[in-house]
Amino acid sequence: SQQGEEDPQALSIQEGENATMNCSYKTSINNLQWYRQNSGRGLVHLILIRSNEREKHSGRLRVTLDTSKKSSSLLITASRAADTASYFCATDLGAGGTSYGKLTFGQGTILTVHP
Amino acid sequence: NAGVTQTPKFQVLKTGQSMTLQCAQDMNHEYMSWYRQDPGMGLRLIHYSVGAGITDQGEVPNGYNVSRSTTEDFPLRLLSAAPSQTSVYFCASSYHRGLGSYNEQFFGPGTRLTVL
């Protein structure tokens, strides 16, 4: 079963607008990560937020984590056409506080940014 | 550094054939994983390894074998290919900083496999 569920499945916006993607998960996590995948390519790591963190920023990216609701959101501000890609959340369940690189991915959000 | 490399990029097999997907990384990462990606399913973990000589099953291991004889290489073997194994396969590696530390995955470019 999928640990992460993402919403919306697809998002279409204009350049300059903000894009928000949401991820919900089912069990306790060690950390949550967001990845981007351009069409036909491998995944690229964007940002990692630990279970004891509530918000994290990286450039135009802002990630929030609400462990009580088992949910996370990814905000991309001032979007560009180059942001067009699929975005995946991934949860690391860990084991005794140690991460083993064993991630469970959501099904992804397809973001299209129109010039 | 080349990062994570995968070969081949594309492969077509007939049902019942066997083959090995190659994965190598030059970052001295302890952890390596294989995922498959199917439309609308995200990525699902097939097998993973926490170091040379140590492997374990992921979510969808049936029909696949792995071994890890060196830190750099983590090949995935399809024993008897089936049409249900048509997918895009990604290899990933990550580093471990010790108890309580966290890591990110570095992904290869993928192998697109079609089983007829």
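Brief remarks follow.
- Modelled FRET efficiency - R0 35 Å, A:GLU53 with B:ASN28, Cβ distances, 0.05 increments: 0.80
- Computed on protein heavy atoms with a 1.4 Å probe, the accessible areas place B:SER18, B:SER49, A:SER39 in the order A:SER39, B:SER18, B:SER49, largest first.
- Phi angles of the stretch A:29-36 translate, via the Karplus equation with coefficients 6.51, -1.76, 1.60 and θ = phi - 60°, into HN-Hα couplings of 10, 8, 7, 10, 10, 10, 10, 10 Hz per residue; Gly and Pro are given as x.
- The share of C-alpha pairs in the protein assembly as shown whose separation exceeds 24 Å stands at 44 percent.
- Relative intensity, log₁₀ I(q)/I(0), of chain B from a Debye sum that treats every alpha carbon as a point, q = 0.19, 0.20, 0.21 Å⁻¹: -0.96, -1.06, -1.16
- Reach of A:LYS102 by Cα under 26 Å, taken over lysines that are not fewer than 8 positions away in the same chain: A:LYS26, A:LYS56, A:LYS69, A:LYS70, B:LYS9
- All other residues whose Cβ lies under 11 angstrom from that of B:GLN85 are scored, Lys and Arg at +1 and Asp and Glu at -1, for a net of 0.
- Cα lying deepest toward the dipole's positive end in chain A, options A:ASN22, A:HIS57, A:ALA10, charges on Cβ: A:HIS57
- Translational diffusion of the stretch A:44-91, estimated by Stokes-Einstein from the Kirkwood radius over alpha carbon pairs at 20 °C in a medium of 1.002 mPa s, is 183 µm² per second.
- Other residues whose C-beta falls under 11 angstrom from the C-beta of B:GLU59 contribute a net charge of +3, scoring Lys and Arg +1 and Asp and Glu -1.
- For chain A, alpha-carbon Rg relative to the globular expectation (2.2 N^0.38 Å, N residues): 1.02
- Burial order of peptide ranges A:44-53, A:8-17 (average beta-carbon count within 10 Å, highest first): A:44-53, A:8-17
- Dipole magnitude for chain B: computed about the Cα centre from +1 point charges on Lys and Arg Cβ and -1 point charges on Asp and Glu Cβ, it is near 340 debye.
The values are calculated or read from the model by the stated rules, or taken from the named source; none is laboratory data. Small disclaimer: the values here were computed from a predicted structure and weren't measured. We place every Cβ from the backbone using ideal geometry, glycine too, and count neighbours over all the protein chains shown. Remember, those area values only see protein heavy atoms, side chains included, never the ligands or the DNA or RNA. Shrake-Rupley method; radii C 1.70, N 1.55, O 1.52, S 1.80 Å.
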